[in-house]
Structures are given as structure tokens and as C-alpha cells.
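Enquirer: Here's a structure for you.
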């Protein structure tokens, strides 16, 4: 907002200032619209995917292929009574879903969908996304505490423990590609992955010098796997869905919520699934580039739209893998989740980080002397 | 349901040391002692809880995630089943037996009918005995499918449940075909069975069994040998054999602890002495002998054995013949005085029926030995010291049906 003040000093600058404010509001609205549509689509996809795994049909009646089922469910939730338990901490109870949702929602602002489609181009984009998504846990903790329900409290505590433990390996895993690219800007990280093999080349299709970071070196590949596993834990997906472990904690931290407030937790989960997948795609899987070692250079609105479609397709694929895991695997026990984080993921990532640092120092990508 | 919650007895307060300075170092003034113990939480699991398999309530005292004390509380589904047995005639009572263990209603019918037949000294025709065997074994498969499917749910795997239900649905179709009901069959009657096997029924069972064993392999791939599933169940809820015997466990829970004890083999009823089948026992394959995985695995193996028994019974099934004993109708008016106990191998253990007759149309006393009731009693012995997630896994592995616990 500081930048707005000088704009107000002259009429001309005031006009540009209002244009800035307008574009700000417009981008927020776009992000809100995108998150809502995404959540509806993701819920539909989840239901269809689970139905496929479970020899069922899933939604079929509302709209073509049941696509409007989520809309119908959303309407139903909107018209439900907004129950607040009498013994709850009313203020915290009411505000918790909004805070939980804010974290995941704000992360969308920093995600570039294509070279030109991004709400804001942050130099510290990756850092911002990692930091802001961690805010959601405060909302979950507030929800669990204020519900005045022991099962909810359990869910909230598990969520806090799990998130704190898994932020470490996931952030460390993201450091490996940052070490290679030397940038925290998400656009620059994608730019590194689609840099041409010789600087003078021009044309729409060219060979890339580095390729997707997941395939850049064995250590970035390890980092990709670790990040993916840790990100499952961060967005409370199976096999790490302990905070809302249905068979143990009834519904975990959102047991007492109903109606729209419940749906905000729902939105948060699906928004988070997209955010972690988008980060994985941008950092490890070439962002909007469709092929690993061959890059495209398309300009204009059409080119950007094409890139955005590629990016979305990759994100949906990763989200689908999350669903696949959820509907296949049993749930880990809470101590096993911690063991997995502290005893396996963190040492492995630290090792990968160290080796990548040494390799970057020597200027080699694979195994020296072999490849 | 809401009434039963408010009517529940208040939980006794957990025992805590009266003097918080009791553990202070000697020679230290008590007021400098800092009590840093965390508070023990008392938490009410059930009767409305997704994984207490009905209306079981377990009062848990937990220290963080560790259960320090567990107190199962039963009775929410009590329907005076034994008392009703003294007031309605023998024949009228058969449908009530469906409602104890509603997942294994055929077995309950059988246990009761065998007891009445023993007291009334009725001779059941051979064809009826074979049809009973087939129906009971199919019912055992259906019940075990429910057990392993919901066990998957308990440890957080959703999909195996649907796979188990797909097979169970086929069995329910077969049982519905022969008696018109999917759950409360009332098919096995005193002196025989309700009706003869319809045409094509037996052929359909064979077709189902051929498919079923392949589907079980699929189920094994999906759940049984899943690494996370093994981690969740192996070495968890270990019941040593002495403890299992001391608590009167029967059925897969006892066999999971390694004792080869099956009433179909030890005290054959029906025609079980004519069939070849194994009695699977736990071996501690993935962890300790008698853990949750062993109990689960025994159920998986038993389904295969039941399929074997079904095949043999179908092969030996005599063509034509009576399906009902003679002189059954007089039971509606009078019976022979006497008493008798019959125990059968229900999917959950020894289902026993003890009957005293004074010669009237109804029993003087009917007493049910419900396997789930006895199996449940071990919960407060094995739950303390486990984690909350384990508690769910253990309750699921005991495989109780509350209709039978409360009767």
C-alpha cells in the first residue's frame, strides 16, 4: 500500500493509482473465481476417481457426467444451518475457517500459470508460497481448540505436529532446485528449465540446456520425490490424513462445523492440493513446458493460453496421483508419520542437498566419471 | 439413540495420585516441586463413533496419543432376546435369532435349531443338512468379508471395503434367492430348512466360488500384504494364547493366537466330519503371534476353507428327498421335557445355545453364549498402553457385532 501514496500526489498519478487498484481487485476476483471453480472440479474429479477405483459409478445425474454435482452440493451446504456449539469459543470458532482458507488462497497470487498469466511476479515467489501455506495450520488449530470437542482438539494437535514436521523436509527439498537455479522466483526457475541449449538459437521449438529439474540430476529427482511425499502430509492427504482420520477422530478438527464454514475447510484442502501440485510442477516438472528436454517459445495470448492449459493439465495429473494414493493406501499411525518425517525424509533431503551442493560446486550433474 | 447417550452412566474419575509432591526428591522442600505432568484426558469413544462397529461405547483415558485405560460399555442394543425366548413358542422364536449376530444370521438360526432339535430329539433329513451346510458356509464367507472390509476402513483404507462388498453382494444375492431375505434369513428352521434349493442355485454358487478365490488374491494384493497395513496391524494388540484362553476367546480370535480349535473339527455338528478342510491358525507371519494381522489373516484363510467346504457339500448333495423332519408341528403346542446345550462355530467364535424345556410350547430358559460378548471382554486388558490409532485397529480386529453382545 506504500506504493499507493505517491500515486495520489498528482491527478495523472492518481489515475494510474486507481488503475493499479483496479487491476489488484481484478486479480483477486480472478483468483477467487479460479479457486472456486477448481475446488468444484477437484471434488468432482475426486468422486469420479474414487468411484473408478471402487467399482462404482460416482455422480452421474446432475449435469453431464455428474459435473454439476459439486455445484449442487455447494448450494446444499450454503443453505444449511450455521451451527455454533454453545460451549465453543464463539469468535475463534467463527473466524477459524476463514484463516485456514486464507493461507491456501493467498498462495495462488504468486503462482504463474504461464509466462504472462500471474497475479504478481514475486522475486521470492517460492518462499512466499511455502510461508503463506503454513498459515492455514493456525486456522486448523483455532478450529480444533474452539470447538470444545476432544476429538477436534486431537485433530488440531495432530495437524500442528504433522505440519511442523513436514515443512522441514518439503522446504529442504525445494532448496535443492533453488541451489541449481540460484533463484526463488518461480518464473525464473521455469525459465532455467526451458533455457535454450545455445544462447543464439531462435525459433518456436528448441532443445533445452537443462531440461526439467526432476530429471536434471539424481539428487533433484530425490528432492522431487521427497517434496511430493511431504506435500501429501502438508495438505492432509492419505496416507497422512491423521488430522481428520475418520475412523479414529470422527472428523478431526472440523467435526463441529456445518454448512458454509465446513465447506471452507473443504475448499482449503482442495486449494492446497492444487498449490502443492503447482509448486511441484513449476519447480520440478518444467512448469508450462509440455516436454522435458524440448522447449517451446510461444508468444501472444494464444501461446500463453496454451502454456496455461499445459500447466493445468500437469497440475491435475499430480492431483489425480494424490487421489490415487488416497483411495489405495491405508493410513499411517501418528508415530509412524513422525518417524517417516524425521528419520527418513529429513536425512534423505539433507543428503540430497549436500550432494547437490557439491555437484554444483564441481559443475557436474550426474555421477562424476560415469555419466 | 440420543436418549441412550444422556442415560449413560457418568464416567468414573481417573485415579490420580492425591499428593502431587509424592514424587519430590527427599530432603527437598515440597513447595519447590514443579509438577510438569500433562493432564490425562478422558474421552468417550462411541456409541456414535465410526469405528466401534455399532453402538459400543469405550471410555478411554488417554495420555496424549497413548491409551492408559479403556473401559468398554455395552448394553445400548439390549432387546431382551433371552427373555423373549421364554415367552414365544420354539418355532416363533427362530426369527429372533437372526437379530443377534445380524451378519451371520444363518449361523444363529442353526445354533438355535440344533439346540431345539437336540431337546426335542428330531431327526433332520440328509438333504436339509447339506443345504444348511452350504448356507452356513456362504454366510460365514459374507460375514468374514464384512469383517476384513471394515477392518480396512478402520485402518484408513477405503477401497478394499468396496471390493469386499462386491463379493458379499453376490453371496447375499444367492441367499436371497433361496430364502427371500438378505440379512435376517429365518431360513434354517427347526427340523430342516425353509425350502429346497431352487433350480440353478447350486450351479450359481459354484460359478461364484470359482470367481471368488481369484478375487481374494486381488484383495490380498490390495490390503493384506500392503506395507502400511502390515505396519499398522503387525505386533499390535498381541493376545498371547494363555490370555486368550483365560478370557474365553473363541473363533478367529483364538485361532489367531495359534490354537487350532474349531468346533467344526472338535465337536462336529451337521455333517462336518464328512468334509476335508483345514483349520487355519495364526503363525506370527508378519510380527508376533496373536497380533491383529494374524487375526485378520485367519479370517482371510477361513474364507478359502469355507469355499472348499461349500464345493464338497455341493458335490455330495443328494438328489431329491425330504428337507423337513417329521412331527415338527407339535412343537407349537408341546415339547419333551429336558435340557440341552449346543455350541457351533459361528464366524465370530463359539455360538452356544442352552435350552431348558418343561414340556410346554416355549422354553423355560434360553441362554445364549455369544462369542462377541466374550471376545469383547479382552478389550480392557489389551488396550492400555497402545496408541489411539491402535485402539481402533484392535477393536476392529476383534470383530464384534453389537447385536450379539447386547442381545
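The values are calculated or read from the model by the stated rules, or taken from the named source; none is laboratory data. Predicted model, so just to flag it, every value in this text is computed and none were measured. Note: ideal-geometry Cβ built from the backbone for every residue, glycine included; neighbour counts use all protein chains shown.
Enquirer: It is to be established whether one or more residues within the range B:148-162 are modelled with pLDDT of 90 or more and away from chain A (no Cβ under 14 Å).
Expert: Among the residues of the range B:148-162, not one is modelled with pLDDT of 90 or more and away from chain A (no Cβ under 14 Å), which makes the answer no.
Enquirer: For residue A:207, are the conditions met, namely being outside any loop (DSSP other than H, G, I, E, B) and surrounded by fewer than 20 Cβ atoms within 10 Å (Cβ to Cβ)?
Expert: Against the criterion (outside any loop (DSSP other than H, G, I, E, B) and surrounded by fewer than 20 Cβ atoms within 10 Å (Cβ to Cβ)), residue A:207 qualifies.
Enquirer: If you don't mind, there's one more thing I want to ask. Given the condition under 28 Å from residue B:375 (Cα atoms) and touching a helix residue (DSSP H, G or I) at 6+ places or on another chain (Cβ under 8 Å), answer yes or no: does some residue in the range B:204-216 qualify?
Expert: Yes, the range B:204-216 contains at least one residue that is under 28 Å from residue B:375 (Cα atoms) and touching a helix residue (DSSP H, G or I) at 6+ places or on another chain (Cβ under 8 Å).
Enquirer: Can I ask one more? With the requirement that a residue be part of a loop (DSSP other than H, G, I, E, B) and surrounded by fewer than 22 Cβ atoms within 10 Å (Cβ to Cβ), what does the range B:228-250 give you?
Expert: Of everything in the range B:228-250, those that are part of a loop (DSSP other than H, G, I, E, B) and surrounded by fewer than 22 Cβ atoms within 10 Å (Cβ to Cβ) turn out to be B:234, B:235, B:238, B:240, B:247, B:248.
Enquirer: In the range A:211-247, what count of residues is obtained for those that are within 14 Å of another protein chain (Cβ to nearest Cβ) and closer than 23 Å to residue A:143 by Cβ?
Expert: Final tally of qualifying residues: 14.
Enquirer: I need the full set of residues from the range A:311-320 which are touching a residue at least 60 places away in the same chain (Cβ under 8 Å) and surrounded by fewer than 23 Cβ atoms within 10 Å (Cβ to Cβ), in order please.
Expert: A:312, A:316, A:318, A:320
Enquirer: Looking only at the range A:321-336, count how many residues are facing another protein chain (nearest Cβ under 10 Å) and surrounded by 16 or more Cβ atoms within 10 Å (Cβ to Cβ).
Expert: 10
Enquirer: Another question, if that's okay. Filter the range A:49-77 down to the residues that are touching a helix residue (DSSP H, G or I) at 6+ places or on another chain (Cβ under 8 Å), in a helix (DSSP H, G or I) and within 14 Å of chain B (Cβ to nearest Cβ) and list them by number.
Expert: Scanning the range A:49-77 gives A:49, A:50, A:53.
Enquirer: Being surrounded by fewer than 23 Cβ atoms within 10 Å (Cβ to Cβ), in a helix (DSSP H, G or I) and in contact (Cβ under 8 Å) with a residue 60 or more places away in the chain is the filter here, so list the residues in the range B:267-308 that pass it.
Expert: Result: B:272, B:300, B:304, B:307.
Enquirer: In the range A:324-343, is there at least one residue being in contact with a helix residue (DSSP H, G or I) (Cβ under 7 Å, 6 or more places away or on another chain), at pLDDT 80 or above and within 22 Å of residue A:179 (Cβ to Cβ)?
Expert: Checking the range A:324-343: at least one residue is in contact with a helix residue (DSSP H, G or I) (Cβ under 7 Å, 6 or more places away or on another chain), at pLDDT 80 or above and within 22 Å of residue A:179 (Cβ to Cβ).
Enquirer: Checking the structure you have, find out if any residue of the range B:206-213 is touching a strand residue (DSSP E or B) at 6+ places or on another chain (Cβ under 6 Å), surrounded by fewer than 23 Cβ atoms within 10 Å (Cβ to Cβ), in a helix (DSSP H, G or I) and more than 14 Å from every other protein chain (Cβ to nearest Cβ).
Expert: No: the range B:206-213 contains no residue that is touching a strand residue (DSSP E or B) at 6+ places or on another chain (Cβ under 6 Å), surrounded by fewer than 23 Cβ atoms within 10 Å (Cβ to Cβ), in a helix (DSSP H, G or I) and more than 14 Å from every other protein chain (Cβ to nearest Cβ).
Enquirer: Sticking with this structure for a sec: Counting just the residues of the range B:360-407 that are within 20 Å of the chain's Cα centre (by Cα) and on the phi > 0 side of the Ramachandran plot, which one comes out surrounded by the most Cβ atoms within 10 Å (Cβ to Cβ)?
Expert: B:399
Enquirer: What number of residues within the range B:95-116 satisfy the criterion of being under 9 Å from residue B:190 (Cβ atoms) and surrounded by fewer than 22 Cβ atoms within 10 Å (Cβ to Cβ)?
Expert: Adding up the residues that qualify gives 0.
Enquirer: Do we have residue B:156 as under 19 Å from the mean Cα position of the chain (by Cα) and surrounded by 24 or more Cβ atoms within 10 Å (Cβ to Cβ) here?
Expert: Considered against the rule, which asks whether it is under 19 Å from the mean Cα position of the chain (by Cα) and surrounded by 24 or more Cβ atoms within 10 Å (Cβ to Cβ), residue B:156 comes out as no.
Enquirer: Residue by residue through the range A:294-309, note down the ones that are under 16 Å from residue A:191 (Cβ atoms) and either modelled with pLDDT under 80 or touching a strand residue (DSSP E or B) at 6+ places or on another chain (Cβ under 9 Å) (or both).
Expert: A:294, A:295, A:296, A:297, A:298, A:299, A:303, A:307 - these are the residues of the range A:294-309 that are under 16 Å from residue A:191 (Cβ atoms) and either modelled with pLDDT under 80 or touching a strand residue (DSSP E or B) at 6+ places or on another chain (Cβ under 9 Å) (or both).
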